[in-house]
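Before any comments, here is the structure.
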Amino acid sequence: MEKPSRLIVGITGATGTIFGVRLLQMLHGSGVETHLVLSKWAARTLVHETSYNVKEVKDLATRSYGLAEQGAAISSGSFVTMGMVIAPCSMRTLAAIAHGLGDNLIHRAADVVLKERRKLVLVVRESPFSEIHLENMLKLARMGVVILPPVPAFYNQPQSLDDMINHIAMRVIDQFDIHLDVMNRWDGVMIDQRRSQTES
Ligand SMILES: Cc1cc2nc3c(=O)[nH]c(=O)nc-3n(C[C@H](O)[C@H](O)[C@H](O)COP(=O)(O)O)c2cc1C
């Protein structure tokens with residue numbers, strides 16, 4: 001039996017809720033089932049920062065769950081998934097995961113992913129980081145959690161904010177061995193070499 005192509009997506013109340021939205025948009029129609037949970041502050045931040053409402057975001061997912069739905073499928077390790085991504089991941093949610101709290105469905109689903117030794121990717125967002133944040137990240141990184149802050153790259157010559165968001169979302173999805181080439185990847189050719197190649 002093959003592992004089902006299911007990914008749990010959490011969106012929490014750090015700035016950058018567009019990253020969670022973009023992941024869902026990219027995975028929509030890709031054959032990967034997405035199981036979505038938004039925190040209360042994710043919903044507030046989403047409306048403040050983007051032109052999307054909560055219903056539009058939930059409609060992008062295969063299934064969505066309420067934050068207090070502790071009896072949801074993703075609350076159990078017997079519901080097999082590829083793992084979970086939280087994008088963006090607030091410092092509150094980071095702390096809850098690092099300390100094994102399961103008092104909402106995002107924390108519980110992450111706890112399950114950890115105990116089942118599945119993949120957890122945290123698109124942590126805060127700046128600057130305190131020692132508490134750094135300690136929580138280090139603790140989880142040592143357990144195999146991927147700490148992937150949404151830091152933009154410039155080597156791919158982004159032309160817009162959308163390019164930067166797409167590149168970061170693509171790199172997050174790469175973590176699950178799903179490779180959607182929505183943006184240029186680094187191919188080892190510097191821009192001046194590329195220009196001279198096209199001129200010659
Ligand atoms: C507009 C806005 C931006 C925020 N940005 C961040 C952030 O970048 N990182 C962070 O850790 N918290 C941020 N917060 C605070 C969190 O929303 C707050 O700590 C909340 O309790 C997180 O809960 P959650 O993890 O359940 O979503 C922000 C709040 C607002 C309203």
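The values are calculated or read from the model by the stated rules, or taken from the named source; none is laboratory data. Quick caveat: nothing in here was measured; it's all calculated off a predicted structure. When we count neighbours, we look across all protein chains shown, and the Cβ atoms used for this are built from the backbone with ideal geometry, even at glycine. The area values use the complete protein model at the heavy-atom level, side chains included, leaving out ligands, DNA and RNA. Shrake-Rupley method; radii C 1.70, N 1.55, O 1.52, S 1.80 Å.
For residue 118, indicate whether it is within 24 Å of residue 177 (Cα to Cα), among the basic types (Lys, Arg), open to solvent by less than 70 Å² (accessible area, probe 1.4 Å) and more than 14 Å from the chain's Cα centre (by Cα). When the stated conditions are applied, residue 118 passes them. Taken over the range 56-80, the criterion of being open to solvent by 30 Å² or more (accessible area, probe 1.4 Å), more than 16 Å from the ligand (Cβ to nearest atom) and in contact with a helix residue (DSSP H, G or I) (Cβ under 6 Å, 6 or more places away or on another chain) is satisfied by 60, 79. Every test in (1) more than 10 Å from the ligand (Cβ to nearest atom); (2) over 27 Å from residue 151 (Cβ atoms); (3) open to solvent by less than 50 Å² (accessible area, probe 1.4 Å) is passed by residue 53 save one, and that test is (3). Cβ-Cβ contacts under 9 Å between residues 6 or more apart (or on different chains), taken from a first residue in the range 96-111 that is polar (S, T, N, Q) to a second residue that is open to solvent by less than 50 Å² (accessible area, probe 1.4 Å), are listed as 104/37; 104/39; 104/67; 104/93; 104/96.
Check whether at least one residue in the range 84-91 is within 12 Å of the chain's Cα centre (by Cα) and either among the aromatic types (Phe, Trp, Tyr) or away from the ligand (no atom under 13 Å from the Cβ) (or both), and report yes or no. Quick ask: steps written out before the conclusion?
Initial filter on the range 84-91 (within 12 Å of the chain's Cα centre (by Cα)): 84-90.
When the remaining residues are screened for being either among the aromatic types (Phe, Trp, Tyr) or away from the ligand (no atom under 13 Å from the Cβ) (or both), the result is 84-85.
The answer is yes, given that some residue of the range 84-91 is within 12 Å of the chain's Cα centre (by Cα) and either among the aromatic types (Phe, Trp, Tyr) or away from the ligand (no atom under 13 Å from the Cβ) (or both).
Restricting attention to the range 96-105 and to residues that are open to solvent by less than 30 Å² (accessible area, probe 1.4 Å) and over 15 Å from residue 79 (Cβ atoms), the residue that is nearest to the chain's Cα centre (by Cα) turns out to be 97.
Just to check your reading of the model, which residue among 121, 151 is under 20 Å from residue 23 (Cβ atoms), not hydroxyl-bearing (Ser, Thr, Tyr) and not in a loop (DSSP other than H, G, I, E, B)?
On the way: 151 fails: not in a loop (DSSP other than H, G, I, E, B).
The unique qualifying residue is 121.
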